[in-house]
Amino acid sequence: MKLIIASNNKGKIREYKQILEPMGFEVLSQSEAGIDLEAEETGTTFAENSAIKARAIYGMTKCAVLADDSGLSVDALGGEPGVYSARYEGIESSEGRSLRILEKLKDVPEEQRGASFICCIHMILSDGREITVEGRCTGRIGYEQLGTNGFGYDPIFMYGDRSFAEIPSEEKNRVSHRAAALEKLIENLKELDIYDNTKAEG
C-alpha cells in the first residue's frame with residue numbers, strides 16, 4: 001500500500017520509511033508523490049493541524065496519507081509556544097526563538113521549568129479510515145543552549161542531564177515525542193490487521 005507522508009523533510013521521511021516499510025507500506029514524500037501543496041495550518045491544536053494536512057492530500061489522491069504536527073509546550077508559559085512553535089512571536093530563527101524562551105524563564109526556578117515535546121500523527125488509510133495518536137516526551141527547559149546535534153528547541157530542552165541536542169540521534173529517536181506517537185500508531189495498525197492487509201496488497 002502506498003503511503004504519502006505530508007512532508008519533504010528528509011530526516012522525517014527517512015525515519016518513517018525505516019519504521020513503516022517493514023509493515024508493507026511503500027512510503028513516499030510529497031515530492032516523490034508529485035504533490036506540491038502547503039496546506040494552511042489554521043488549527044489551534046496539534047491534532048487539528050495534522051488532520052488538516054492529511055485530509056488535504058487525501059482529498060487530492062485518495063491514497064493513504066500520514067501527517068504530523070509537533071512542537072514544544074512549556075509549563076511556566078501556559079503551554080507556549082505550542083502550535084506556534086515554528087513561528088513563535090514572529091521570530092525568524094530557531095535560535096532566536098529558543099533565546100526568547102530562555103529570556104522569559106530567566107527568573108523561573110528549577111522545579112517550575114517543566115516542558116514537553118508533543119507530536120500528533122494523523123493517518124488516513126486508502127479506504128478513508130482515520131487514526132489520530134499523540135506522543136509526548138517530558139523534560140525541562142535548561143538555562144542555556146547546549147549541544148549541536150539537534151535542531152529547533154533541542155538545545156534548550158533537557159532530557160535528564162543532557163539537552164536533546166547533546167543526545168545522539170539514535171538514542172533520541174527511541175525516546176522522542178515522534179517515537180512515542182509512532183509506537184501508538186503501529187499498535188493501532190496492528191489492531192486493524194493493517195500489517196497483513198498491506199502485505200497481501202503487495
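The values are calculated or read from the model by the stated rules, or taken from the named source; none is laboratory data. Only a predicted model underlies this, so the values are computations on that prediction, with no experimental measurement involved. A quick note on method: Cβ atoms are made from the backbone with ideal geometry, for glycine too, and the neighbour counts reach across all protein chains shown.
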Filter result (closer than 20 Å to LYS17 by Cβ and either in contact with a helix residue (DSSP H, G or I) (Cβ under 7 Å, 6 or more places away or on another chain) or crowded, with 20+ Cβ neighbours inside 10 Å (or both)) within the stretch 143-171
PHE151
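Listed here are the residues, each with its yes/no results for (1) surrounded by 22 or more Cβ atoms within 10 Å (Cβ to Cβ); (2) closer than 21 Å to GLY152 by Cα; (3) at pLDDT below 95.
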| residue | (1), (2), (3) |
| --- | --- |
| ILE13 | no, yes, yes |
| PRO22 | no, no, yes |
| LYS62 | no, no, yes |
| VAL65 | yes, no, no |
| TYR84 | no, yes, yes |
Within the stretch 118-133, residues assigned to a strand (DSSP E or B) and either within 21 Å of VAL74 (Cα to Cα) or touching a Lys or Arg at 6+ places or on another chain (Cβ under 8 Å) (or both) come out as ILE118, CYS119, CYS120, ILE121, HIS122, ILE124, VAL133
PHE157 vs (1) within 18 Å of LEU102 (Cβ to Cβ); (2) at pLDDT below 95; (3) of a type outside the set (Lys, Arg): all pass except (2)
Output for the stretch 134-189, where each listed residue is of a type in the set (Asp, Glu), without any contact (Cβ under 8 Å) to a residue 40 or more places away in the chain and part of a loop (DSSP other than H, G, I, E, B):
ASP161, GLU166
Could you count how many residues in the stretch 1-40 are more than 17 Å from the chain's Cα centre (by Cα) and closer than 19 Å to GLU170 by Cα?
2
